[in-house]
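Below is one structure; the comments refer to it alone.
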Ligand code: ASP
């Protein structure tokens with residue numbers, strides 16, 4: 001027997017009649033006078049410990065509180081039939097305590113892990129307690145399995161795992177950079193990498209042929225929805241490939257990971273055209289689990305209610321329903337027809353600009369499908385291809401739809417000069433159950449095309465040389481055609497587990513406004529540091 005344990009809790013099942021020693025946290029205690037029961041949990045599960053009145057540890061057991069760390073030696077016994085607990089993995093056995101050692105006492109817990117009434121803010125503040133919940137442990141263990149399965153697959157296909165810097169220079173993902181001041185070079189800053197994009201392209205110039213890593217990426221965005229200022233990707237890049245090579249490899253990787261971690265076979269992964277999915281589903285990340293509720297175009301955009309009439313009738317008049325309709329109207333600047341009338345007509349009519357109406361239709365489809373419990377089980381995986389290379393941002397400026405290193409499609413090259421907005425890209429997004437889980441592209445490897453793209457994006461030669469000169473320089477010395485993709489790993493794992501929040505698959509996430517409630521980060525920097533960075537001086541010299 002080890003100093004602290006000989007077995008894990010889950011092994012109790014196979015050791016009836018044997019003496020074992022387990023160690024873990026006290027999860028609940030029940031004192032019924034002549035017996036004390038407590039549940040002990042370790043990483044494998046929980047086990048009931050029974051302490052009898054005649055045991056010399058009886059009084060000690062009575063004093064146990066939730067969260068205490070103990071080790072127990074005893075004999076595993078079959079529980080009496082009516083005491084068996086089918087909800088517990090070790091529910092048919094118990095450990096009869098012969099020796100109890102308390103290794104650390106716990107203060108009164110601020111909440112019981114798993115209590116549904118505790119707020120997320122409290123869970124994040126005491127993240128270590130929240131992470132004791134079996135669900136959270138399952139999520140993080142599953143995440144590790146997914147990473148292992150990817151690593152195993154990619155390594156078997158000749159991919160080399162290479163790390164690239166986090167302290168980097170601005171990378172082209174189009175978000176704001178987090179800046180890190182350099183003490184040795186006062187007034188200068190590193191940018192935390194938004195992605196390894198440029199490094200991985202340079203690795204292709206160096207001849208590594210197939211690269212991957214699980215990089216952390218840092219993007220200083222206003223945290224809309226379910227985003228984190230730092231998140232993890234599975235990033236990969238390949239040389240001498242075109243779209244189909246990358247997509248086929250990724251399909252095999254995804255199939256392998258689903259099979260290995262969940263035993264699920266993912267069949268054909270369809271490749272759908274961007275324009276087609278926008279027209280048909282109103283979004284570039286359609287949830288193909290939603291059946292029916294088809295979008296019909298006849299002058300205006302309509303959503304067919306066929307098969308949903310009865311279910312929708314029950315929703316009309318409810319507050320949540322009215323609120324949703326109002327938020328759709330406000331968010332997309334559209335008008336949604338009255339529902340009583342819609343049911344009579346068999347469709348909901350949406351009036352407004354076409355793209356707004358389509359986006360509203362997507363939201364409406366999702367809402368009705370969820371509210372009426374009509375989402376199919378399982379995973380619907382698809383590719384969206386033929387994205388435009390450029391798009392207009394809110395200010396009407398032309399920007400890259402993916403990033404400026406994405407290659408135009410060969411057949412659209414001639415449109416670059418005249419009608420850039422019509423040029424399609426060699427890019428692809430992988431979508432699962434309505435979430436974009438990965439996106440990538442074949443890259444530009446010809447300097448003249450790259451120069452043209454920068455120009456269309458409104459960058460002067462001086463400007464792009466300043467930002468990306470090192471890449472263009474590297475590209476002068478023999479660059480293979482190449483392309484790749486990056487998965488949002490947190491999102492991918494959350495989708496596999498059917499979770500809505502990526503915070504549930506990240507050990508120490510930040511809140512929506514970027515705060516780590518457990519450590520209290522971000523926090524003020526010590527004055528000496530600021531002095532070293534010469535910030536105090538700079539600030540003072542301003543007044
Ligand atoms: N670097 C891209 C991103 O972070 C992915 C890629 O193009 O490979 O979205």
Inset, instruction - Being within 15 Å of the ligand (Cβ to nearest atom) and not in a strand (DSSP E or B) is the filter; apply it to the range 226-240 and report the residue that is nearest to residue 179 (Cα to Cα). - result: 229
Inset, instruction - From 430, 471, grab the single residue that is within 30 Å of residue 377 (Cα to Cα), within 31 Å of the chain's Cα centre (by Cα) and in contact (Cβ under 8 Å) with a residue 40 or more places away in the chain. - result: 430
Legend entry - the range 381-399: number of residues that are part of a strand (DSSP E or B), more than 16 Å from the ligand (Cβ to nearest atom), in contact (Cβ under 8 Å) with a residue 60 or more places away in the chain and farther than 15 Å from residue 283 by Cβ: 2
Legend entry - Inter-residue pairs, beta-carbon under 9 Å, first at positive phi and in the range 499-519, second in a loop (DSSP other than H, G, I, E, B) and surrounded by 19 or more Cβ atoms within 10 Å (Cβ to Cβ), 6+ apart: 514/228; 514/229
Legend entry - Leading residue by the ranking (surrounded by the most Cβ atoms within 10 Å (Cβ to Cβ)) among those in the range 241-278 that are in contact (Cβ under 8 Å) with a residue 60 or more places away in the chain and part of a loop (DSSP other than H, G, I, E, B): 241
Inset, instruction - Please verify whether the range 388-406 includes one or more residues that are modelled with pLDDT of 95 or more and more than 30 Å from the chain's Cα centre (by Cα). - result: no
Legend entry - Condition check for residue 358: within 16 Å of residue 277 (Cβ to Cβ), in contact with a helix residue (DSSP H, G or I) (Cβ under 8 Å, 6 or more places away or on another chain) and buried (at least 19 other Cβ atoms within 10 Å of the Cβ): yes
Legend entry - The one condition in (1) in contact (Cβ under 8 Å) with a residue 60 or more places away in the chain; (2) within 19 Å of residue 274 (Cβ to Cβ); (3) in a loop (DSSP other than H, G, I, E, B) that residue 402 fails to fulfil: (1)
Inset, instruction - Only residues that are more than 14 Å from the ligand (Cβ to nearest atom) and outside any loop (DSSP other than H, G, I, E, B): list them for the range 160-175, please. - result: 160, 161, 167
Inset, instruction - Can you give me the number of residues within the range 176-197 that are farther than 12 Å from residue 235 by Cβ, within 16 Å of the ligand (Cβ to nearest atom) and touching a helix residue (DSSP H, G or I) at 6+ places or on another chain (Cβ under 9 Å)? - result: 0
Legend entry - All positions within the range 421-435 that are within 27 Å of residue 369 (Cα to Cα) and near the ligand (Cβ under 10 Å from one of its atoms): 428, 429
Legend entry - Selection count, the range 447-456, where residues are away from the ligand (no atom under 16 Å from the Cβ) and either within 33 Å of the chain's Cα centre (by Cα) or over 18 Å from residue 197 (Cβ atoms) (or both): 6
Inset, instruction - Could you please find all residues in the range 40-59 being under 33 Å from the mean Cα position of the chain (by Cα) and at negative phi? - result: 40, 41, 42, 43, 44, 46, 47
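The values are calculated or read from the model by the stated rules, or taken from the named source; none is laboratory data. Note that the coordinates shown come from a computational prediction; the quantities given were computed from them, not determined experimentally. Every residue, glycine as well, gets a Cβ built from its backbone with ideal geometry; the counts of neighbours run over all protein chains shown.
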